[in-house]
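The values are calculated or read from the model by the stated rules, or taken from the named source; none is laboratory data. Remember, predicted model here, so these are calculated numbers, not experimental data. Note that we place each Cβ from the backbone using ideal geometry, even for glycine, and neighbour counts take in every protein chain shown. Ligands, DNA and RNA are excluded from the accessible area calculation, which covers all protein heavy atoms including side chains. Shrake-Rupley method; radii C 1.70, N 1.55, O 1.52, S 1.80 Å.
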Amino acid sequence: MNVVHEESLSISNSYSTTFSELVHTDEQIREILSVDDLPWEDLHHRSSFLLEIDHFENDFSSIFTTDYVKEPQNPLKNHDSELNLGNISRTIPTDISVKPGIFENIHIGASYMEDEIQTYKALFQEFCDMFAWSYEEMPGIDLAIFFHEIKTYPDAKPIRQCLRRIHPRKAATFKAEVEKLLKASFIYPIPLTDWVSNIVPVNKKQGTIRICIDYRDINRACQKDNYPTPYIDQIIDDCAISEIFPFMDGFSGYNQINILPADQPKTAFICPWGTFAYCKLPFGLKNSGAAFQRAISYTFHDIKHIVKPYLDDLPAHSLHRADHLIHLREIFMRCRHYRIRLNLHKCVFCTETGQLLGFVVSKADICVDPLKVEAIVKLPPPLTLRQLQSLQAKENFLH
């Protein structure tokens, strides 16, 4: 646990430059942008037992053809109700807002009576500051408790990447994302730095674009943090014997951790509107997961019999229904003390059955999430080596 004095961690607020003064006009942006999309290979599903792609023919159409592939059978059809989505507890939205004219709904299990819902509503209103709806409402974990260091090898040579071209149709979205991060004080303009990386667009499920940074150069120069991540099967087994579950999710997970000011220039990235550095832990940086797991494990180290933190997922469980209210209060008290914020839109409370880390858990049974099984069953036959490797990785999830 890294602990420092408060005065040594004060982040300079001297950057009073507005975003409009940092960016170019739309005409200038079009001059420096290109219509070519950047290639971005995802090797996440590369199977370790296969040879390199160059050693294979990349076309498997002669092997996998529609003449030899039978229609896949859906294991969800005519199956027991335990594997049905209808077995997942139904929830009802409950407004916990304390301000008139503002609706802040939270989802509570429908099996609870009206008087029980009002009791939980009072608890959520008491700890309403534990939920964040925007970046501005997320102060970050206290620097005096935990911060992230970017430790590079002593002989590592800094690398400055040149500005890459961005598709003009994505420029407006990129500009809005950079402005949002700058407004939330996640990033700040930095004039001089040894390390410079490029931005990379990542499409989210909601249809929006998240800005990630190509930190491959700095990642190769960083030492590996071997802090362990909990085993998913152990978390599932510990939670499955309980009656009631709350499923919580951290708001913008890694961004809740502050970076040591001396290491912030190493996170610098370049874009058509300037060079910026992160003061919050970004996605894509080496050891981000280990750092967040260390911080979240320390936060709940004394109540691990209640909550089982797995990165930014905070699944909890109560063996008995009557203890659930007390357990939630203990979790919220620690979130408030360590300034951890939860994403209200991804939290579900007081359920008897729910989805947890790719599985459906309840007191009676554990089963694989039917949506994931159905997604694998509906996949088309693989025609290339990359598709074959991706299919193998997805099928391994079921074993």
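Residues that are within 30 Å of residue 91 (Cα to Cα) and touching a helix residue (DSSP H, G or I) at 6+ places or on another chain (Cβ under 6 Å) are absent from segment 276-291 altogether. Can you tell me which residue is nearest to the chain's Cα centre (by Cα) among those in segment 363-385 that are modelled with pLDDT under 85 and open to solvent by less than 20 Å² (accessible area, probe 1.4 Å)? Applying the filter and picking the extreme gives 369.
Is it true that residue 178 is in contact with a Cys (Cβ under 9 Å, 6 or more places away or on another chain) and free of Cβ contacts under 8 Å to residues at least 60 places away in the same chain? No; evaluated as a whole, the condition is false for this residue. Given the options 266, 286, name the one that is part of a helix (DSSP H, G or I), in contact (Cβ under 8 Å) with a residue 60 or more places away in the chain and within 23 Å of residue 226 (Cα to Cα). Of 266, 286, the one residue that is part of a helix (DSSP H, G or I), in contact (Cβ under 8 Å) with a residue 60 or more places away in the chain and within 23 Å of residue 226 (Cα to Cα) is 266. For segment 157-193, taking the residues that are hydrophobic (A, V, I, L, M, F, W, C) and more than 25 Å from residue 256 (Cα to Cα), the one that is most open to solvent (accessible area, probe 1.4 Å) is identified as 192. Among residues of segment 157-169 that are under 29 Å from residue 208 (Cα atoms), those with a Cβ under 7 angstrom from a residue that is in a helix (DSSP H, G or I) and open to solvent by 100 Å² or more (accessible area, probe 1.4 Å), sequence gap 6+ or separate chain, pair up as 168/30.
For segment 247-262, the set of residues classified as farther than 30 Å from residue 120 by Cβ and either open to solvent by less than 50 Å² (accessible area, probe 1.4 Å) or assigned to a loop (DSSP other than H, G, I, E, B) (or both) consists of 258, 259, 260, 261, listed by residue number. Screening segment 284-303 for residues that are touching a Phe, Trp or Tyr at 6+ places or on another chain (Cβ under 6 Å) and open to solvent by 30 Å² or more (accessible area, probe 1.4 Å) and picking the one that is farthest from residue 153 (Cα to Cα) gives 294.
Six or more apart or on different chains, Cβ atoms under 7 Å: show the pairs whose first residue is in segment 208-236 and over 30 Å from residue 355 (Cβ atoms) and whose second is among the hydroxyl-bearing types (Ser, Thr, Tyr) and surrounded by fewer than 16 Cβ atoms within 10 Å (Cβ to Cβ). From residues that are over 30 Å from residue 355 (Cβ atoms), the pairs are 221/153; 223/153.
The number of residues in segment 324-345 that are open to solvent by 10 Å² or more (accessible area, probe 1.4 Å) and in contact with a Gly (Cβ under 9 Å, 6 or more places away or on another chain) comes to 3. The listed residues are 360, 348, and the only one of them that is touching a strand residue (DSSP E or B) at 6+ places or on another chain (Cβ under 9 Å) and crowded, with 20+ Cβ neighbours inside 10 Å turns out to be 360. Of the residues screened, residue 216 is one that is more than 30 Å from residue 360 (Cα to Cα), under 20 Å from the mean Cα position of the chain (by Cα) and open to solvent by 60 Å² or more (accessible area, probe 1.4 Å).
Can you find a residue that is under 15 Å from residue 264 (Cα atoms) and among the basic types (Lys, Arg) anywhere in segment 147-155? Yes, because at least one residue in segment 147-155 is under 15 Å from residue 264 (Cα atoms) and among the basic types (Lys, Arg). Applying the condition of being assigned to a loop (DSSP other than H, G, I, E, B) and either at pLDDT below 80 or among the β-branched types (Val, Ile, Thr) (or both) to segment 135-148 and asking which residue is nearest to residue 328 (Cα to Cα) yields 141. Contact annotation: residue pairs with Cβ atoms under 8 Å, 6 or more positions apart or on different chains, pairing a residue in segment 355-384 that is under 22 Å from residue 236 (Cα atoms) with a partner that is in a helix (DSSP H, G or I) and of a type in the set (S, T, N, Q), are 360/87; 362/87.
Only one of the numbered conditions (1) of a type outside the set (D, E, K, R); (2) outside any helix (DSSP H, G or I); (3) surrounded by 21 or more Cβ atoms within 10 Å (Cβ to Cβ); (4) modelled with pLDDT of 90 or more is violated by residue 275, and that is (3).
The single residue among 270, 235, 244 that is closer than 30 Å to residue 328 by Cα and either open to solvent by 20 Å² or more (accessible area, probe 1.4 Å) or in contact with a helix residue (DSSP H, G or I) (Cβ under 6 Å, 6 or more places away or on another chain) (or both) turns out to be 244.
Entry remark, segment 203-246: residues being assigned to a loop (DSSP other than H, G, I, E, B) and of a type in the set (D, E, K, R) number 6 in total.
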